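Novice: Handing you this structure, nothing more for now.
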Protein chains: 2
Amino acid sequence: MTAPRHAPGGFPVVGIIGGGQLARMCAPPAVNLGLTLSVLAEGPDAAAALVTPSAPVGSYLDVDDVVRFARDCDVVTFDHEHVPQEILQRLVEAGVEVHPGPEALRHAQDKLVMRKRLSDMGIPVPAWAAVSSLEEVSAFADEHGWPVVLKTPTGGYDGKGVLVASSPDEAREWVERGGGLLIEEAVPFVRELAVLVARSPSGQAAVWPVVETVQTDGICTEVLAPAPDLPEELATALVERALRIAGELGVTGVMAVEVFQTRDGGYLVNELAMRPHNSGHWTMDGSVTSQFEQHLRAVLDLPLGDTRARNRWTVMGNVLGGQYRELYPAYRHLMARDPGLKVHLYGKGVRPGRKIGHVNVFGDDLDALRERARHAADYLQGTVTE
Amino acid sequence: MTAPRHAPGGFPVVGIIGGGQLARMCAPPAVNLGLTLSVLAEGPDAAAALVTPSAPVGSYLDVDDVVRFARDCDVVTFDHEHVPQEILQRLVEAGVEVHPGPEALRHAQDKLVMRKRLSDMGIPVPAWAAVSSLEEVSAFADEHGWPVVLKTPTGGYDGKGVLVASSPDEAREWVERGGGLLIEEAVPFVRELAVLVARSPSGQAAVWPVVETVQTDGICTEVLAPAPDLPEELATALVERALRIAGELGVTGVMAVEVFQTRDGGYLVNELAMRPHNSGHWTMDGSVTSQFEQHLRAVLDLPLGDTRARNRWTVMGNVLGGQYRELYPAYRHLMARDPGLKVHLYGKGVRPGRKIGHVNVFGDDLDALRERARHAADYLQGTVTE
């Protein structure tokens, strides 16, 4: 590995472990601010490696790769939450600035740790337990009813690692794999919300407006910013809770708090993600400061930027892989149809259902914006053809 | 040179000759759109080379360097207007898509060619002549009065290549250098304006709102978008003229038309630039489509984006090199003082008076925005310290 080449003027090198789209989308604000990125990439064609001059290939599971990579960086942060605690500890012991730090990151790595901590803090969460036998599953269901939700405590994303089981039989295979599971009540929620917060090592924090996230088959497909018709007191409570979680867990960088809005007008915290998050992609075009710029500012302990929305509404639509291997030819029709559409593609190969990009639109008419975002996402997926 | 590595999906490689800040600022929209940039850079530390994985080093004056570079690109465009016509012709003969093409670009390379063409088109320009002797200078001054403005027809920028002469003696040295000069009347203008237009090879064109540019010692220091108190009929005339110039000259990509607003409420066209331009840096944060995204779309013959302003006002302040060698430490105070400030630094070494970056601010109160932009620029230059 050669050291990343960087600009004169005292500008730091921000290292990102993982070369996915979240690392990739840090590149534009890094260019603007004169910062240098270095990415520990899964391969030379990783999404972020395609746009970053310094992108050594290595494994986040290999302590030597990670330590060697970190040596050239002024601060290290993450594209994902999968770097093992032992490796994170080694970085800290070597004097590397790691944000978020291992202690905070544990709560995004292990859902059991997260559930316990939030419960201890008095944050409303779904009823939950740790289970490792079918008897325990049935006992939980006797108390909270079927169906139940089973989750692998680590490694899940985009609906993977989550099973809704309506009977002991449906739970059997997952339980017998061993290793222990998180079990939760199936919450009859009204909709899903997300709160995005950034916090710096100095303790400064900033929150974007609360958004509504729309999921399809466990994958976020649409984000409405801000969440329509959100009662003021609920918005205030969620922002206060997100700031409290960030502060008490010692989060540094961006954190997303995923929330169920319940039928009684309350809420339950579902998940935590300690990195820029799909629910914040709208900020790239819709907020004064994007989550990617903010994440860089936070991990560098720079003052945080203004998180206000720039328009009445911003709508984000996720682009999932579909019919087309070649996406570029779709630009011609898409851009002609909607000159205000902001397209973000990740440089990833198309596989059905894979998140390969997103679009943002902003303006005053929410219904029209949703139609525009959905059309663009559907057109790029090939499910509409005009 | 190795071929630029690019994303799957039919995405093209856009080659930019020259690795300055204009090429650098194409990187963020290229990331967003999944396009691959390749930059023919002056050196490995050129502003754009620092942020572009494919940045072969070579000279724009060397036909072999340029032809070899272009071989890996689907389209070639420019960071500056200095590539010689012979080399441009060679590219065209080799079948390379070059935008803008040599014939259009001549009008931005040679001010005499430009003046003649605009005069022939009936576009208002300052009184002018080609001169190569002191007698011709004096004859021009007898008709139009002293002082006169002398310009080297090629190669000038940022006030370089321009001399205001109040007597034959002051003109002597420039005239005796030989090579011929453009002489112009010194226009008693009220202020300077700029019109930014983008045009695609298919002939689609789009114009941003007309802006006011404020110059200090021949260097643009501030841009107000849109130009305050601009009479509707003048705005309409300027937009119409800019579109006509772009069309008749066959411009492809972004072109800036620099204009004097005269005391009688009319205008005279001063300069043309055929590339993204300092007067359009406000669009990065202030318009739905930035000039850099638009330039990429135009040279690829993609449909053009919405050029509307996102706020009532956007103010751009240029950052010139000053006291500090290290700019990064200034971020702490600057970002804390103004969380809405958008900073753009170019990764260039600091030299007094050199353009090393700019800031944008947007909102409703023009005076407050001007104060914020000026403070940030002054603080980065070191002329204010708090």
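Novice: Taking H placed 1.01 Å from N in the peptide plane, check which residues at least 5 places from B:R308 or on another chain put their amide H under 5 Å from its amide H.
Specialist: B:V288, B:T289
Novice: Compare the Cα positions of A:S59, A:L40, A:H82 along the charge dipole of the range A:13-98 (+1 at Cβ of Lys, Arg; -1 at Cβ of Asp, Glu; about the Cα centre) and return the one farthest towards the positive end.
Specialist: Of the options given, the answer is A:L40.
Novice: Explain nothing, just compute: Karplus ³J(HN,Hα) = 6.51 cos²θ - 1.76 cosθ + 1.60, θ = phi - 60°, for every residue of the range B:249-255 in order, whole Hz, x for Gly and Pro.
Specialist: 3J(HN,Hα) across the range B:249-255, in whole Hz: 7, x, 5, 10, x, 8, 10.
Novice: Among rounded, prolate and oblate, which fits the range B:219-315 when a ≥ b ≥ c are the square roots of the eigenvalues of its C-alpha gyration tensor, a/c under 1.5 means rounded, and a/b larger than b/c means prolate?
Specialist: oblate
Novice: In the range B:328-381, which trypsin sites (Lys or Arg not before Pro) fall in coil by DSSP and have 16 or fewer other Cβ atoms within 10 Å?
Specialist: B:R354
Novice: Something else now. Please list, in chain and number order, the residues 5+ apart from A:V190 or on another chain whose amide H is under 5 Å from its amide H, with Hs placed from the backbone.
Specialist: Correct list: A:Q261, A:T262, A:R263.
Novice: Here is a follow-up. How large a share of the accessible area of chain B, in percent, is made up of carbon and sulfur atoms when the probe is 1.4 Å and the other protein chains stay in place?
Specialist: The nonpolar share, carbon plus sulfur, comes to 48 percent.
Novice: Would you grab the residues whose amide H sits under 5 Å from the one on A:V57? Only those 5+ places off in sequence or on another chain, please, with H modelled 1.01 Å from N.
Specialist: A:A41
Novice: Per DSSP helix of 4 or more residues, -39500 (n - 2.57); summed, then divided by the residues of chain A. What does that give at 222 nm, rounded to the nearest 500?
Specialist: The helix-only estimate for chain A comes to -9000 deg cm²/dmol at 222 nm.
Novice: Let me ask you something else. Using a probe radius of 1.4 Å on heavy atoms only, what accessible surface per residue do you get for the protein assembly as shown? Whole Å² is fine.
Specialist: Accessible area per residue: 37 Å².
Novice: From the cross-link list A:K160/A:K355; A:K116/A:K151; A:K348/B:K348; B:K111/B:K160, which pairs have alpha carbons spaced over 20 Å apart?
Specialist: Over 20 Å apart, Cα to Cα: A:K348/B:K348.
Novice: Tell me, what ³J(HN,Hα) does each residue in the range B:112-127 have, in order and in whole Hz, if you take phi through Karplus 6.51 cos²θ - 1.76 cosθ + 1.60 with θ = phi - 60° and put x for Gly and Pro?
Specialist: Calculated HN-Hα couplings, in order: 5, 4, 4, 4, 5, 5, 5, 4, 4, 7, x, 7, x, 9, x, 4 Hz.
Novice: Shape verdict for the range B:1-59, please, from the Cα gyration tensor: rounded (a/c under 1.5), prolate (a/b greater than b/c) or oblate.
Specialist: It comes out oblate by the Cα gyration axes.
Novice: Shifting gears a bit: The range B:295-322: which residues show an accessible-area loss of 40 Å² or more, assembly versus chain alone, 1.4 Å probe?
Specialist: B:R297, B:L302, B:P303, B:R310
Novice: Within a Cβ distance under 14 Å of A:A194, other residues only, what is the Lys/Arg minus Asp/Glu net charge?
Specialist: Surrounding charge for A:A194 is -2.
Novice: Separate question: Please say if chain B is rounded, prolate or oblate, where rounded means a/c under 1.5 for a ≥ b ≥ c the square roots of the C-alpha gyration tensor eigenvalues, and otherwise the choice is prolate for a/b larger than b/c and oblate otherwise?
Specialist: Here chain B falls in the rounded category.
Novice: Please list, by residue number, every one of the trypsin sites (Lys or Arg not before Pro) in the range B:241-285 that is coil in DSSP and has at most 12 other beta-carbon atoms within 10 Å. List each step's numbers first, then the result.
Specialist: Working: sites: B:R241, B:R244, B:R263; in loops: B:R263.
For trypsin sites (Lys or Arg not before Pro) across the range B:241-285 that sit outside H, G, I, E and B with at most 12 neighbouring Cβ atoms in 10 Å, the list reads B:R263.
The values are calculated or read from the model by the stated rules, or taken from the named source; none is laboratory data. None of the values given here were measured: they were computed from a predicted structure. We place every Cβ from the backbone using ideal geometry, glycine too, and count neighbours over all the protein chains shown. Surface areas here come from the heavy atoms of the whole protein model, side chains and all, with no ligands, DNA or RNA. Shrake-Rupley method; radii C 1.70, N 1.55, O 1.52, S 1.80 Å.
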